[in-house]
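K.L.:
Okay, handing you the structure first.
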Amino acid sequence: MTNTPSLPSAMIGIGAGLGSALLFASLVGGNVLTLPLFIASPLPLMAAGLGFGTTATGVGVATATLALLAGLGLPAALVSLGTSGIPALVLSALVGRAALGADGRADWFPIGRIATIAAVLMAIATTIGAIAIGFDVAATTRQVVAAFHEALTAGGTPPADLPDAMALEPFVRASVRLMPAFFPAFWTLVLMLDLALAARIVRRAGRLERPWEDLAMIEISPWAGLVFAAGFAGSFLTGSIGILAAVAAGAAFAPLFLVGMGLLTHLTRPTDMRWILRATAYGLVLLFPVAALVMALAGLTECFLDLRRGRPGSGGDA
């Protein structure tokens with residue numbers, strides 16, 4: 001990887017930006033099958049940054065933003081910039097950042113700290129987005145219920161058979177209250193997944209300078225656990241304070257979840273049933289949000305007890 005500006009890196013950046021814009025725009029049709037493409041929108045920018053430096057990423061971010069501005073308008077361009085462009089630029093630059101250690105070897109920026117910075121970026125982006133749209137739990141709940149009724153009416157449901165708005169409101173309100181926490185948590189995990197995939201691609205191409213860390217040994221500051229606890233408690237408050245607390249809790253949740261998954265990976269390495277155990281855990285996380293919370297709490301416990309250091313586990317990716 002090189003940070004020296006050059007025509008090849010600029011061309012790579014333009015291609016990555018156009019690819020990112022196309023992946024981002026794939027969700028416009030509203031088809032849930034395009035969600036994996038949308039999730040991969042930061043991937044080309046990150047791969048360009050890891051392989052060809054920050055110049056390529058910067059050109060890619062500018063290209064994607066301009067392409068979406070021309071094709072979908074300013075709101076889409078700003079959302080892409082906040083959720084894909086800026087995070088890809090910052091995270092790929094941090095992956096390539098190193099300082100010379102006392103022993104003369106490169107001291108690379110830790111992946112756990114990068115995950116924490118990704119969470120902070122998503123907390124900021126979510127807060128700005130909530131302010132921009134004037135997010136309000138009560139108003140959004142009414143809008144969702146009304147939209148649901150309109151969709152049922154458009155689908156041919158008779159007015160007499162429509163569910164009562166008063167009966168729907170508690171369930172919708174609970175879902176709406178989770179939105180400020182869900183988005184930063186979910187998208188931080190998306191960014192880290194894309195970053196890991198980009199690193200593997202660039203490493204296969206022989207352009208990744210840093211030795212990739214064992215992700216099962218990812219470490220974060222215990223402060224993330226304190227932020228999560230405080231945010232979770234504050235999320236029960238009403239108004240803007242409750243929304244901001246929920247955003248903080250969701251952002252802190254993501255790195256804790258990654259540490260919990262790392263703990264699971266490390267502890268299951270010595271057993272031949274590791275893939276069965278992990279697949280079961282992954283399935284539970286996908287099906288039941290409580291399982292994801294348990295995984296994050298395991299990560300919180302690991303931050304203070306350092307269980308992985310006291311348990312044997314084979315190295316590598318297995």
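K.L.:
Of the accessible area of the range 52-111, with the probe set at 1.4 angstrom, what percent is carbon plus sulfur?
P.N.:
Details: 1910 of 2730 Å².
The C+S portion of the solvent-accessible surface of the range 52-111 is 70 percent.
K.L.:
Now, a different point. Can you give me the Kirkwood hydrodynamic radius for the range 164-257, using every pair of distinct Cα atoms, in Å to one decimal?
P.N.:
Values: mean 1/r = 0.0648 Å⁻¹.
In the range 164-257 this quantity evaluates to 15.4 Å.
K.L.:
Now for a different question. Could you report the range 74-126's accessible area per residue, 1.4 Å probe, as an integer in Å²? Numbers along the way, then the final one.
P.N.:
On the way: 2410 Å² over 53 residues.
Per-residue value: 46 Å².
K.L.:
From the square roots a ≥ b ≥ c of the eigenvalues of the alpha-carbon gyration tensor of the range 267-306, which class results: rounded (a/c under 1.5), prolate (a/b over b/c), or oblate?
P.N.:
Details: a/c = 4.91, a/b = 1.10, b/c = 4.46.
In terms of gyration-tensor shape, oblate.
K.L.:
Kirkwood Rh over Cα pairs of the range 195-318 into Stokes-Einstein at 20 °C, 1.002 mPa s: D in µm²/s? Spell out each step's value before the answer.
P.N.:
Working: Rh = 16.0 Å.
Answer, rounded: 134 µm²/s.
K.L.:
Once neighbouring chains are kept in place and the probe is 1.4 Å, which whole percent of the accessible area of the range 198-293 is contributed by carbon and sulfur? Please list the in-between numbers first.
P.N.:
Values: 3740 of 5200 Å².
Solvent-exposed carbon and sulfur of the range 198-293 make up 72 percent of the total.
K.L.:
Something else now. Take the alpha carbon atoms of the range 204-269, find their radius of gyration, then divide it by 2.2 N^0.38 Å using N residues; give the quotient.
P.N.:
Values: Rg = 16.3 Å, N = 66, 2.2 N^0.38 = 10.8 Å.
For the range 204-269, the normalised Cα radius of gyration is 1.51.
K.L.:
Return a whole-number percent for the relative contact order of the range 226-296, with Cα pairs under 8 Å and 6 or more residues apart as the contact set. Kindly include the intermediate steps, with their values, before the conclusion.
P.N.:
Working: 58 pairs, mean separation 19.0, N = 71.
Relative contact order for the range 226-296 comes out at 27 percent.
K.L.:
Residues of the range 13-63: accessible area per residue at 1.4 Å, in Å²?
P.N.:
Details: 1880 Å² over 51 residues.
That works out to 37 Å² for each residue.
K.L.:
Within 10 Å, count the other beta carbons around each residue, average over each peptide in 292-303, 247-258, and list them highest first.
P.N.:
Values: 292-303: 20.2, 247-258: 27.9.
So the order, starting with the most tightly packed, is 247-258, 292-303.
The values are calculated or read from the model by the stated rules, or taken from the named source; none is laboratory data. Not measured: the values here are computed from a predicted model. When we count neighbours, we look across all protein chains shown, and the Cβ atoms used for this are built from the backbone with ideal geometry, even at glycine. Quick note on the areas: whole protein, heavy atoms, side chains included, nothing else; ligands and nucleic acids left out. Shrake-Rupley method; radii C 1.70, N 1.55, O 1.52, S 1.80 Å.
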